[in-house]
Amino acid sequence: MQVKILSKNLIKPSLPTPQHLKNYKLSFFDQVADVAHLPLVLFYPHCDNNSKNEELEESLSRILTHLYPLAGRFAEDESSILCLDQGVTYIKATVNCKLDDFLQQANKDLDLALPFWPQGIMEVDETNLFVSPLMVVQVTTFECGGLALAISHAHPAMDGCTTFKIIYEWAKVCKFGTPSKEINFMNFNLGTLFPYKDLTTILEPPVDEGKRTNSKLIARKFVFEEDAISRLREKFDSVGEGLGFKPSRVEMITTLLWRSLIRSTGSNNSHLKRSIMAFPINLRGKVATFPEIANSFGNLIIEIPIKFEHDDETKMESLHHIVKLIKESVQVIISKCVKATPDEIVSLVIDLYKDSYAGLEWGGDNEVVNFTCSSLCRFPIQKTDFGWAEPSLMHFGSRHSQVFWLYDTECETGIVVQMDLEEKYMDKFACDQDIMDFAKF
């Protein structure tokens with residue numbers, strides 16, 4: 001399989017950005033986001049619309065009039081975006097295979113989707129991200145007429161929630177031909193609410209980049225169908241005393257995944273390794289004191305660190321213990337944010353970081369297993385219909401860290417897990433009894 005680049009150009013806003021919007025201030029949450037480009041690839045079947053690329057380019061130009069920071073570039077001091085309509089990189093490519101043949105293999109080996117990432121994204125890192133375009137789009141056409149639409153964004157400019165919202169709205173603009181002046185779905189207020197800070201005196205760099213790994217990461221897909229989720233709920237209901245709450249599908253599957261991962265990373269003759277699971281929570285819609293952030297552009301995620309200690313080993317076999325740990329850890333942080341001021345939320349983020357990643361106990365211990373569990377369930381990303389039906393396959397992530405990506409099955413009754421995991425753990429994880437009992441792969 002070979003992807004051939006046909007052209008590369010810049011798509012600029014269809015209308016010039018007004019003078020008073022030419023300097024977009026980044027926020028504290030942008031400041032502490034990972035310095036990485038995050039790609040997403042959507043695979044679409046063939047349709048009879050032969051002008052896909054033209055419609056995509058035109059609609060992207062129109063939507064950039066509203067999303068003016070995306071067409072800009074980071075300022076030299078990295079505290080703002082200069083919105084001078086420099087443009088989004090747009091790449092056209094072809095691949096020498098049919099989509100159906102690709103999907104048949106990619107459903108078993110998600111790493112086959114890597115060649116469809118936008119060209120050059122794999123080379124973007126801390127050394128060059130702030131001089132790179134904020135957004136890169138690549139459209140790769142299969143021999144059958146199917147498409148791979150890849151979008152990669154600079155994380156210091158926006159989070160995944162913003163990206164999914166943008167793609168969903170872009171699809172509507174493309175499908176219905178919405179004029180530029182009628183596009184208005186995001187606010188640009190986070191730099192005012194959570195201004196950029198001098199972190200040199202309040203936030204030390206991590207002792208060790210806990211969430212990054214030098215080991216090879218591979219991706220596999222695990223599917224928890226409706227019947228498996230029902231059986232899993234019976235398992236939760238049948239063990240021991242009552243929980244006092246009904247776990248959600250995401251909570252149950254996250255519990256199962258974490259337990260299996262901890263088992264898989266431990267050796268046969270030693271104690272289980274300690275682990276931190278970062279559980280990202282989108283603050284939009286959760287802070288009563290400033291509801292205007294519900295549709296804010298940028299980063300607005302708190303990663304809640306949930307810890308497994310050595311002295312919890314006897315409790316590791318208890319699904320109840322793990323799901324309560326997850327539920328209570330998340331609830332504590334959300335309850336602190338509901339009526340908090342922006343300064344109080346910033347202080348909370350700094351305290352969480354210092355406790356879990358900057359200190360010697362966790363951040364400096366190479367034996368601690370770090371990973372992120374990110375739920376995309378109920379996000380409309382699978383409904384991104386540009387006029388050529390909904391995507392047949394999705395692929396997430398940057399392969400910089402171990403991540404479990406959870407999203408709904410096509411019929412929305414089950415959950416798919418894309419697992420980005422160190423290669424040395426993957427086979428053992430896939431052979432864990434819980435995974436074999438409840439997941440298809």
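The values are calculated or read from the model by the stated rules, or taken from the named source; none is laboratory data. Note that this is a predicted model, so its numbers are computed, not measured. When we count neighbours, we look across all protein chains shown, and the Cβ atoms used for this are built from the backbone with ideal geometry, even at glycine. These area figures cover heavy atoms from the full protein model, side chains too; ligands, DNA and RNA do not enter into them. Shrake-Rupley method; radii C 1.70, N 1.55, O 1.52, S 1.80 Å.
In sequence order, segment 333-348 has phi-based couplings of 5, 4, 4, 6, 8, 3, 10, 7, 7, x, 5, 5, 5, 4, 4, 4 Hz under the Karplus curve 6.51 cos²θ - 1.76 cosθ + 1.60, θ = phi - 60°, and Gly or Pro positions carry x.
The gain in end-to-end length when the K8 to K181 segment is fully stretched comes to 59.6 nm, 0.36 nm per residue minus the alpha carbon separation.
Per-residue accessible area (protein heavy atoms, 1.4 Å probe) orders E422, E390, E55, E344 as E344, E390, E55, E422, starting from the largest. For segment 104-206, the ratio of Cα radius of gyration to the globular rule of thumb 2.2 N^0.38 Å stands at 1.40.
Counting pairs of alpha carbon atoms under 8 Å apart in space and at least six apart in sequence, what relative contact order in percent does segment 26-142 give? Can you show the working numbers first?
Values: 123 pairs, mean separation 42.1, N = 117.
With pairs under 8 Å counted, the relative contact order is 36 percent.
One quarter of the convex hull surface built on the alpha carbon atoms of segment 1-159 amounts to 9.8 nm², the projected area averaged over directions. For S80, the accessible surface of its heavy atoms amounts to roughly 10 Å² (probe 1.4 Å, protein chains only, rounded to the nearest 10).
Every pair of different Cα atoms in the chain enters the Kirkwood calculation, which places the hydrodynamic radius at 22.9 Å.
Would you rank H395, H66, H46, H321 by solvent-accessible area, highest first, keeping every protein chain in place and using a 1.4 Å probe?
Numbers: H395 0, H66 20, H46 100, H321 50 Å².
Listed by decreasing accessible area, they come as H46, H321, H66, H395.
Of all DSSP-defined beta bridges confined to the chain, some 80% are antiparallel rather than parallel.
Return the FRET efficiency for the residue pair K440, E367: r is the Cβ-Cβ distance, R0 is 22 Å, and the value is rounded to the nearest 0.05. According to the calculation, E is roughly 0.10. Simple spin-label estimate for T409 and K424 gives 3.5 nm between the two label positions (7 Å along the Cα-to-Cβ direction from each Cα). Using a probe of 1.4 Å, the accessible surface attributed to D351 totals some 90 Å² when neighbouring protein chains are kept in position.
The GNM of the chain, with springs linking C-alpha atoms under 10 angstrom apart, assigns the highest mean-square fluctuation among R274, R231, R284 to R231.
So, with a 1.4 angstrom probe, what is the percent of accessible area on the chain that is carbon and sulfur? Accessible surface attributable to carbon and sulfur in the chain totals 49 percent.
Using the rule -39500 (n - 2.57) for each DSSP H run of four or more residues, divided by the residues of the chain, the 222 nm mean residue ellipticity is -8500 deg cm²/dmol. The mean sequence separation of alpha-carbon pairs under 8 Å and at least six residues apart, normalised by the residue count of the chain, gives a relative contact order of 23 percent. Taking a point 7 Å from the Cα of D77 along the Cα-to-Cβ direction, the residues of segment 123-141 with backbone N closer than 19 Å to it are 130-131.
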